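To keep things clear, I will list the structure first and then write my remarks on it.
The values are calculated or read from the model by the stated rules, or taken from the named source; none is laboratory data. Predicted, not measured: the structure shown is a model, and the values here were computed from it. All Cβ positions, glycine included, derive from the backbone under ideal geometry; neighbour counts span all protein chains shown. Remember, those area values only see protein heavy atoms, side chains included, never the ligands or the DNA or RNA. Shrake-Rupley method; radii C 1.70, N 1.55, O 1.52, S 1.80 Å.
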Amino acid sequence: MKRLLICLITAVHACHAYGQTPLFIPAALTGTTFNLNVQSGTTSFFPGYNTPTYGVNGSLLAPTLIFNQGDSIHINVTNSLPVTTTMHWHGLHVPAMYDGGPEQVISPGTTWQPVFKMINDAGTYWYHPHGLGKTDLQVSKGIAGMIIVKDPVEAALNLPRTYGVDDFPVIVQTKAFDMLRQIAIATEDDTLLMVNGTVDPYLDAPAQVVRLRILNGSSMRSYMFGFSGNLPFKLIANDGGLLDTSTTLTRIRLSPGERIEVLLDLTGKAGQTIYFKNYGSELPAGIYGAAVAGTGAATIPFYNLNHLNGSDYNVMKLNVVAPTASPVTSIPATLATLSPWSVSSVDTTRTFKFDPKIADSTTFAMGPFNINDTQFDMGLINVVTYINNTEIWTLINNTMIAHPFHIHDVFFYILDINGVPPPVFERGKKDVVLVMPGDTVRFITKFEDYADELTPYMYHCHLLHHEDDGMMGQFVVMPDKTMVKPVSKEADILLYPNPSNDKLTVTSNSTINTLSISNLFGQTLFTQQYHSPKVEVDIADLPAGVYFIRINNTDVQKFVKQ
Ligand code: C2O
Ligand code: CU
């Protein structure tokens, strides 16, 4: 009964929503050094209630980070929360130790300082916490921000790119609340819809070509986006950046974690009102957000009480206003060059099966679920791969609900879904793919960015409740194929001083016969034979950065050259 009451209250709230509140546009930070303070605060989602929330440099959400390709980026993430957190750069290619997964814990009162070169192509990415078992709570409480990467290819195109003027961040989320208006997780009560944290938003959009960078930052919910009157839009980018050509669409499905960039031509439409909508009635059964979340007998209790499921509603009102001084009025047909890897270059193929954790739970669509019959375990490396390995991953969904599968470190191209090439909206560089119940999805990828035999990257379901429940695995990218397994982290090597700028002393419990130094790209820079438990290595000529010392091809330690 109490549950029903909440639904009725929020349903009434939503029914009267006609775009009352100006869309909040998160501040944009630019440059090469970024200071992010993760903090707690309160946000008023319901008149008269202050809900405890988390945010970065504020009480809710996070600033938009604008990076230029080629820059060396320094980020200071200070944790002012009373609990541990982490910060993951979703979609960015960064060294594993700076990826912000469950291993890179930021204790309360401390600052974590990832440093990486921006090697991504222009596109829309995002950042959010990724702590062990904590992702859903910390993201739902408000920590999520957009990342925009710029590069010369994108800059050469005639596209809208003035942030907040003709280029807008659109972070779509739903949240669930308990009786006290506190944010709740792992429930089917995510009845409050918001864009950039704004409930019932409107946006004044100029009468010209505008760009919407749409991120599904919801914990569970997928959407079928479109515009009122079936206004066509152009899809120009998805997860990993620009597509080769722009495509005209009237609907696009977006699952949690996925991003798209769309252009909307509002030329000559000043004075009109257009609604950005979710056509939830068009989502097929099996997707969280459709009329039926499971397939067959699989159900989620109380799912039908959530008025957002399987229905069509406005997400945001667009008031078309006068154009800006030098508007973009046309849309380029050709965008970027895509170079998918060829299937004939594949070194390794792997299969990942999604199953319910409990064998007889096929009727229960809330999980827990696992991958290859294994729950996430920090102490277990599930996949070992090698730098520059090209692989095909086959994802098989044996469960009754759709899962958005996400991989860190790399992007991929979808080869086929049940043997058929992907629809146009799933072409290009992806890092999340929604795998429908019963489906088999194959993608091709290459682990060409970074090697680190000590630090894993994650792959997981981006339904945050599934991820937290263990539907996640980890992989390491080894620097060369002669290494068959990840080395022990408790290697008996001592390095000092570390960091160092000229000489490094290395001692070992066993005799050092071979010592080599490699960089984050897996390149061996130096190999030397010795026969001593203690050696001194001259590193004066190495550029500043992170390196690995490997002893006798088994034990590894990391060091930093200053
Ligand atoms: Cu957006 Cu591993 O996450
Ligand atoms: Cu899942």
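Could you state the accessible area per residue of the stretch 115-273 in Å², with a 1.4 Å probe and every protein chain left in place?
Working: 3940 Å² over 159 residues.
Result: 25 Å² per residue.
Give the long-range amide H neighbours of Ile147: residues separated by 5 or more places, or on another chain, with amide H under 5 Å away, using H modelled in the peptide plane at 1.01 Å from N.
Excluding prolines and chain starts, which carry no amide H, the hits are Leu65, Tyr125, Trp126, Tyr127.
Using the beta-carbon distance between Lys353 and Thr324 and R0 = 60 Å, what value does 1/(1 + (r/R0)^6) give for FRET efficiency, to the nearest 0.05?
Using R0 = 60 Å, I get an efficiency of 0.70.
Under the definition of Cα pairs under 8 Å and six or more residues apart, what whole-number percent is the relative contact order of the chain? Numbers along the way, then the final one.
Working: 1540 pairs, mean separation 65.0, N = 562.
Rounded, it is 12 percent for the chain.
Where does the charge balance sit around Thr394 when Lys and Arg score +1, Asp and Glu -1, over other residues with C-beta under 13 Å from its C-beta? List each step's numbers first, then the result.
Values: positive: Arg350, Lys353, Arg442; negative: Glu391, Asp416, Asp439.
Local charge sum for Thr394: 0.
If you plug each phi of the stretch 107-112 into the Karplus form 6.51 cos²θ - 1.76 cosθ + 1.60 with θ = phi - 60°, what whole-Hz ³J(HN,Hα) values come out, in order, with x for Gly and Pro?
The phi angles translate into 6, x, x, 10, 10, 9 Hz.
Around Phe526, which amide H atoms from residues at least 5 apart in sequence, or from another chain, sit under 5 Å from its own amide H, with H modelled in the peptide plane?
Excluding prolines and chain starts, which carry no amide H, the hits are Ile517.
What is the ratio of the Cα radius of gyration of the stretch 490-561 to 2.2 N^0.38 Å, where N is its residue count, to two decimals? Walk me through the numbers before you get to the answer.
On the way: Rg = 10.9 Å, N = 72, 2.2 N^0.38 = 11.2 Å.
The reported ratio for this selection is 0.98.
Using the Cβ atoms and a cut-off under 13 Å, what net charge is assigned to the surroundings of Phe352, where Lys and Arg are +1 and Asp and Glu are -1?
-1
7 Å from Cα along Cα→Cβ at both Asn501 and Val535: what's the point-to-point distance in nm?
For the pair Asn501/Val535, the computed spacing is 2.6 nm.
Given the whole protein assembly as supplied and a 1.4 Å probe, what does the accessible area of Trp341 come to in Å², nearest 10?
50 Å²
Using a 1.4 Å probe on the protein heavy atoms, what percent of the accessible area of the chain belongs to carbon and sulfur?
On the way: 11020 of 20350 Å².
Exposed carbon and sulfur together represent 54 percent of the surface.
Using the Cα centre of the chain as origin and beta-carbon charges of +1 (Lys, Arg) and -1 (Asp, Glu), tell me which of Ile331, Pro102, Ala544 is placed farthest towards the positive end of the dipole.
Most positive-ward Cα: Ile331.
Enter the accessible area per residue of the stretch 323-466 (Å², integer; probe 1.4 Å; all protein chains in place). Walk me through the numbers before you get to the answer.
Working: 5150 Å² over 144 residues.
Averaged over the residues of the stretch 323-466, the accessible area is 36 Å².
Among the DSSP beta bridges whose two residues both lie in the stretch 343-483, what percent are antiparallel, rounded to the nearest 5?
On the way: 29 of 40 bridges.
Of the beta bridges lying entirely in the stretch 343-483, close to 70 percent run antiparallel.
Give me the accessible area of Leu283, 1.4 Å probe, in Å² rounded to the nearest 10.
Rounded to the nearest 10, the figure is 10 Å².
At R0 = 41 Å, how high is the FRET efficiency between Leu180 and Ala270 if r is their beta carbon distance? Nearest 0.05 is fine.
Working: r = 44 Å, r/R0 = 1.08.
Efficiency, from the Cβ-Cβ distance: 0.40.
Semi-axes of the chain's equivalent ellipsoid from the Cα gyration tensor, sqrt of 5 times each eigenvalue, largest first, rounded to whole Å? Could you put the intermediate results ahead of the total?
Values: eigenvalues 331, 139, 112 Å².
Its equivalent ellipsoid spans semi-axes of 41, 26, 24 Å.
Heavy atoms of the protein only, probe of 1.4 Å, neighbouring chains included. What is the accessible area of Asp469 in Å², nearest 10?
Surface accessible to solvent at Asp469 totals approximately 60 Å².
If you plug each phi of the stretch 514-523 into the Karplus form 6.51 cos²θ - 1.76 cosθ + 1.60 with θ = phi - 60°, what whole-Hz ³J(HN,Hα) values come out, in order, with x for Gly and Pro?
Coupling constants for the stretch 514-523: 10, 10, 9, 10, 10, 9, 5, 8, x, 7 Hz.
First check a/c for the stretch 31-155, with a ≥ b ≥ c the square roots of the eigenvalues of its C-alpha gyration tensor; if it is under 1.5, answer rounded, and if not, answer prolate when a/b is larger than b/c or oblate otherwise.
Here the stretch 31-155 falls in the prolate category.
Give the percent of DSSP beta bridges with both residues in the stretch 31-155 that are antiparallel, rounded to the nearest 5.
Working: 20 of 31 bridges.
Roughly 65 percent of the beta bridges in the stretch 31-155 run antiparallel, per DSSP.
How much accessible area per residue does the stretch 490-561 have, in Å², with a 1.4 Å probe? Could the numbers behind the result be given before it?
Working: 3680 Å² over 72 residues.
That works out to 51 Å² per residue.
Per residue, what volume in Å³ does the Cα convex hull of the stretch 92-150 take up?
Values: hull volume 5.6 nm³, N = 59.
Here the figure is 96 Å³ per residue.
Determine the sum of side-chain charges near Pro26: Lys and Arg each +1, Asp and Glu each -1, restricted to other residues whose C-beta is under 14 angstrom from that of Pro26.
Numbers: positive: Arg213; negative: Asp167.
Overall, the nearby charge balance is 0.
Given H placed 1.01 Å from N in the peptide plane, which residues other than close sequence neighbours of Ala176 have an amide H under 5 Å from its amide H?
Here the answer is Ala184, since their amide H atoms fall under 5 Å of that of Ala176.
For the stretch 230-313, report the convex hull volume of the alpha-carbon atoms normalised per residue, in Å³, without decimals. Working shown, then result.
Details: hull volume 10.1 nm³, N = 84.
Looking at the stretch 230-313, the number lands at 120 Å³ per residue.
Between the stretch 107-154 and the stretch 268-330, what's the alpha-carbon centroid distance in Å?
That distance is 26 Å.
For the stretch 271-285, in order, what is each residue's ³J(HN,Hα) by Karplus, 6.51 cos²θ - 1.76 cosθ + 1.60 with θ = phi - 60°, in whole Hz (x at glycine and Pro)?
Coupling constants for the stretch 271-285: x, 8, 10, 10, 10, 7, 10, 9, 9, x, 5, 8, 6, x, 3 Hz.
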